[in-house]
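Participant: Could you have a look at this structure, given as structure tokens, before my questions?
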Amino acid sequence: MDTTTMSKSEEAIVEEWVESALVKPIQKNRPISVHVDELFPAADSNRWIHLGYEAFKILLKATKNELEKFAVVCFPLGCTTELDVSTPNWNSIHGKPVTEPPSLYLVSIDSMLLPNLAEEYRCPILPPSELGQVLAYYRCFRTPDGIENNWEYERAIYIEGHPK
């Protein structure tokens with residue numbers, strides 16, 4: 001199968017998840033989420049980045065008029081033992097093989113009011129232009145538990161579509 005397209009049946013799977021997610025109540029600290037490999041268990045991992053991106057476009061379109069929730073996609077980049085400030089760009093990951101699938105999130109706008117207690121480095125990156133006005137950034141972080149236990153830092157690229 002072509003890794004640069006999403007089939008109509010794959011689009012339908014994402015649309016079904018989006019429809020069900022939009023009617024569920026979202027708690028401030030608990031977004032509704034799904035890993036790409038949960039939506040597409042038979043998909044080759046070489047397609048995960050593409051499928052996550054295409055699924056995000058569907059979620060973004062569905063939430064464009066939502067005022068209390070917004071769409072997010074997270075592309076994990078693996079872990080590191082030190083805070084990694086070398087910021088990748090979108091083109092450095094798109095189309096590359098990955099070991100962990102992207103995740104889609106439907107997030108409550110109220111979550112923006114929660115304190116962020118993570119140790120982190122965050123840097124904006126240029127998103128794919130076809131997405132319009134979205135927020136894209138690289139993030140290297142660990143949670144308070146990670147700080148206390150000296151765990152590794154997680155690295156990821158996030159793209160968020162906020163209400164207008």
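Participant: What's the FRET efficiency of Ile109 with Asp44 using the Cβ-Cβ distance as r and R₀ = 25 Å, to the nearest 0.05?
Facilitator: It comes to 0.10.
Participant: Pick the calculated P(r) over Cα pairs in 10 Å bins from 0, in percent for this structure from [x] 10, 34, 31, 16, 5, 2, 1; [y] 11, 37, 29, 16, 5, 1; [z] 10, 38, 38, 13, 1?
Facilitator: Evaluating P(r) over Cα pairs in 10 Å bins from 0, in percent on these atoms matches [z].
Participant: Student exercise: in the stretch 18-70, how many lysine pairs 8 or more apart or on different chains have Cα atoms under 18 Å apart?
Facilitator: Values: Lys24/Lys61; Lys24/Lys64; Lys24/Lys69; Lys28/Lys69; Lys57/Lys69; Lys61/Lys69.
Here the count comes out as 6.
Participant: Over the Cα atoms of the stretch 96-164, what is the Rg over Rh ratio if Rh follows Kirkwood?
Facilitator: Working: Rg = 13.9 Å, Rh = 14.1 Å.
Rg/Rh for the stretch 96-164 comes to 0.99.
Participant: Run the simple label-point estimate for Asp145 and Glu66 please: 7 Å along Cα→C-beta, distance reported in nm.
Facilitator: Output for this residue pair reads 2.5 nm.
Participant: Given 0.36 nm per residue, what is the gain on full extension from Lys24 to Tyr121 after removing their alpha carbon distance, in nm? It would help to have the intermediate numbers written out before the result.
Facilitator: On the way: separation 97, 0.36 × 97 = 34.92 nm, distance 3.19 nm.
Extra length available between Lys24 and Tyr121 comes to 31.7 nm.
Participant: Would you mind telling me the share, in percent, of accessible area of the stretch 48-164 contributed by carbon and sulfur at probe 1.4 angstrom? Don't jump to the answer; show the numbers that get you there.
Facilitator: Working: 3260 of 6270 Å².
Its accessible area is 52 percent carbon and sulfur atoms.
Participant: For the stretch 12-146, what is the accessible area per residue in Å² when the probe is 1.4 Å?
Facilitator: Working: 7470 Å² over 135 residues.
Value returned for the stretch 12-146: 55 Å² of accessible area per residue.
Participant: From the phi angles alone, apply the Karplus equation (6.51, -1.76, 1.60; θ = phi - 60°) to the stretch 39-52 and give each ³J(HN,Hα) in whole Hz, x where the residue is Gly or Pro.
Facilitator: These are the phi-based 3J(HN,Hα) values: 6, 10, x, 8, 5, 5, 4, 5, 9, 4, 4, 4, 5, x Hz.
Participant: Let me ask something else about it. Given the options Val36, Val85, Val73, state which has the largest fluctuation in a GNM of the chain using a 10 Å cut-off (strictly under) for Cα springs.
Facilitator: Evaluated over the chain, the most mobile residue of the options is Val85.
The values are calculated or read from the model by the stated rules, or taken from the named source; none is laboratory data. This one's a predicted model, so the numbers in the text were calculated from it and none came from an experiment. Counting neighbours? That spans all protein chains shown, and the Cβs are built from the backbone with ideal geometry, glycine included. Calculation scope for accessible area: heavy atoms of the full protein, side chains included, ligands and nucleic acids excluded. Shrake-Rupley method; radii C 1.70, N 1.55, O 1.52, S 1.80 Å.
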